[in-house]
Structure formats: structure tokens, C-alpha cells
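Each value in this text was obtained by applying a stated rule to the coordinates, not by laboratory testing. Just so we're clear, the structure is a prediction, and the values are computed from it rather than from any experiment. Reconstructed Cβ throughout: ideal geometry from the backbone, glycine too, with neighbour counts over all protein chains shown.
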Amino acid sequence: MATLARSFGVAVPSLYKHVSSLAWIQNEIAKQGLQDLGNVLKDAATGRAQRDALSHMAKAYRHFAKAYPGRYAAIHDAHIPQDHELQQLSDRTLRPIYDMLATYGRTGEEATYDVRLLRAALHGFVTLETTGAFGIPLDIEQSFDYLIDAMDASFRSYRFSGRY
């Protein structure tokens, strides 16, 4: 809070006249991030289906995470289940992903597992990329396309058996 107050040229007590806590600020950033990411994903998928929609959404997700690292991090640090507005924004952000998965015929519990798979893959890729952890000298764009192809193949052929 001291750093934030300094950046506005005010004392910390003055800052508390406008914000209740650092957690409140972080949640507000997460809300903005979820709203922005939801719009990006929706725009990327509009008018597209299956691999085309998946590819555009994955690239938009990756671009958002790299272009807005603070908002992206705030989304993942937020306590979404405890905040009704955050939960609604999270649901809205996931809606385009569920809609894209429906173009593969994937719905219900199967689609929820797919959403988790997709989010884990994209978040993992972005995290490894932005931290410089891809040390093997292979083209990162080709690696990302490979990831999209693998998810597309999974969504086209793998069927949830309920055994988990």
C-alpha cells in the first residue's frame, strides 16, 4: 500500500479513504481481468467452430496473458468462490470455452474436464514461456501449434468414461 500511495503522491492513510485494503484492489484488478479476458475469448471464438475456434481462443488467451501480466496474475490469485461478483465474471469468462467445446459435441461433465485440461495446458504453456523455462531450442510458435493440435485431437476423439 505504501508503494501505491507513493505512486499517487499521497500518504497511506489518505489512500484508505478511497480503497479498503490491498485485497480489495487485487480483487478489483481480477474483476477487470476476468471481464477483459472473457471479451477476448468471446471475440476470438465468434463465428468459429472446433479447431478454428480453439486456435483463435488459445492464441487470444496467450496474447492476453503476455500483454496484461498483472491482470492475468490477479485472476489466478483471486478468491473467486468467496466473491459472488468474481464468480459471475469467471462463469462469463468460461462461457465461450464451453460454447467452443459444444461445437465438438462435448457438454456436461465431460466439457468441465475439458475446460480444466485447456486451462491447465494454456496456463502452463504461458507460464513456462514467460519465465523463459523453454530451454530446448525448438520454435515456440510450432510448440504452441502442436499444443493446439493435441487438444483438438483430444476433443475430437477422446471420450470421458466417468472412471475418474
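Annotation: lysines with alpha-carbon distance below 23 angstrom to residue 59 (same-chain offsets under eight excluded): 31, 42. Label-to-label distance for residue 102 and residue 14 is 5.1 nm, based on points extended 7 Å past Cα in the beta-carbon direction. Here the chain is assigned +1 on the Cβ of each Lys and Arg and -1 on the Cβ of each Asp and Glu. Its dipole about the Cα centre then comes out at about 200 debye. Sorting 61, 68 from the fewest to the most surrounding beta carbons within 10 angstrom yields 68, 61.
The length gained by stretching the chain between residue 21 and residue 115 to full extension, at 0.36 nm per residue less their Cα-Cα distance, is 30.6 nm. Our note on the geometry: Cα centres of region 30-90 and region 116-164, 17 Å apart. Here each label is just a point 7 Å from Cα along the line to Cβ, and for residue 7 and residue 82 those points are 2.3 nm apart.
Phi-derived couplings, Karplus 6.51 cos²θ - 1.76 cosθ + 1.60 at θ = phi - 60°, listed residue by residue for region 136-141: 6, x, 10, 4, 5, 5 Hz, with x used for Gly and Pro.
Could you pull out the longest piece of the chain with no exposed loop trypsin sites (Lys or Arg not before Pro) in it, calling a site exposed if DSSP puts it outside H, G, I, E, B and it has at most 11 other Cβ atoms within 10 Å? Could you put the intermediate results ahead of the total?
Values: sites that count: 17, 159, 163.
After excluding every exposed loop site, the longest remaining stretch is 18-158.
Using the Cβ-Cβ distance between residue 50 and residue 150 with R0 = 25 Å, the FRET efficiency computed as 1/(1 + (r/R0)^6) comes to roughly 0.95.
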